[in-house]
Amino acid sequence: QVQLVESGGGLVQAGGSLRLSCAASGTIFSISSMGWFRQAPGKQRELVARIISDGRTNYADSVKGRFTISRNNANNTVYLQMDSVKPEDTAVYYCAADIFSARPVGSRAYWGQGTQVTVSS
């Protein structure tokens, strides 16, 4: 079965940095896009950043210039480098990927379990 496993969350002071990682495992043929979403208490889940297989990226306006998404296609991993973090970046961060796999057969979106990021002021 396909799984996404995140790591790297935690507590960081405002102005600091944090790096999130997400590794996809399973019988994977290809991954078209990978991305990070976040959900703060009482708010809807929102897209933070996304990267597609050719390396093109897009970011939420609130994180442009501070966060950088990258991926390693060889090991099916996506990263989110978070710099100059702010208290309003506090949320549970979820990894997501559009994966074409052999087990189960087909293409669909997968989600990680989420990792908490807390930014103190």
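Leaving out ligands, DNA and RNA, what percent of the accessible area of the chain is carbon and sulfur, probe 1.4 Å?
Ligands and nucleic acids excluded, carbon and sulfur give 48 percent.
How charged is the neighbourhood of SER121? Take every other residue with its Cβ under 15 Å from the Cβ of SER121, and add Lys/Arg as +1 and Asp/Glu as -1. Could you put the intermediate results ahead of the total?
Working: positive: LYS86; negative: GLU88, ASP89.
Surrounding charge for SER121 is -1.
With a probe of 1.4 Å, find how much accessible area the stretch 19-78 has per residue, and write the answer as a whole number in Å².
Averaged over the residues of the stretch 19-78, the accessible area is 54 Å².
Once the other residues with Cβ under 11 Å from the Cβ of TYR79 are scored (Lys, Arg +1; Asp, Glu -1), what is the net sum?
Working: positive: ARG19, ARG71; negative: GLU6.
Net local charge, TYR79 excluded: +1.
If you take the charge dipole of the chain about its Cα centre, with +1 on Lys and Arg Cβ and -1 on Asp and Glu Cβ, which of TYR93, GLN3, GLN81 is farthest toward its positive end?
Value computed over the given set: GLN3.
Modelling each spin label as a point 7 Å along the Cα-to-Cβ direction, I'd like the THR57/LYS86 distance in nm, to one decimal.
1.9
From the mean inverse distance of alpha carbon pairs (Kirkwood) and the Cα radius of gyration, derive Rg over Rh for the chain. Please list the in-between numbers first.
Values: Rg = 14.1 Å, Rh = 14.4 Å.
Using Cα coordinates only, the ratio equals 0.98.
The values are calculated or read from the model by the stated rules, or taken from the named source; none is laboratory data. The model shown is predicted, which means the values in this text are computed figures rather than measured ones. Positions of Cβ are generated from backbone atoms using ideal geometry, with glycine treated the same way; all protein chains shown enter the neighbour counts. Side chains are part of the model used for accessible areas, which takes the heavy atoms of the whole protein and leaves out ligands, DNA and RNA. Shrake-Rupley method; radii C 1.70, N 1.55, O 1.52, S 1.80 Å.
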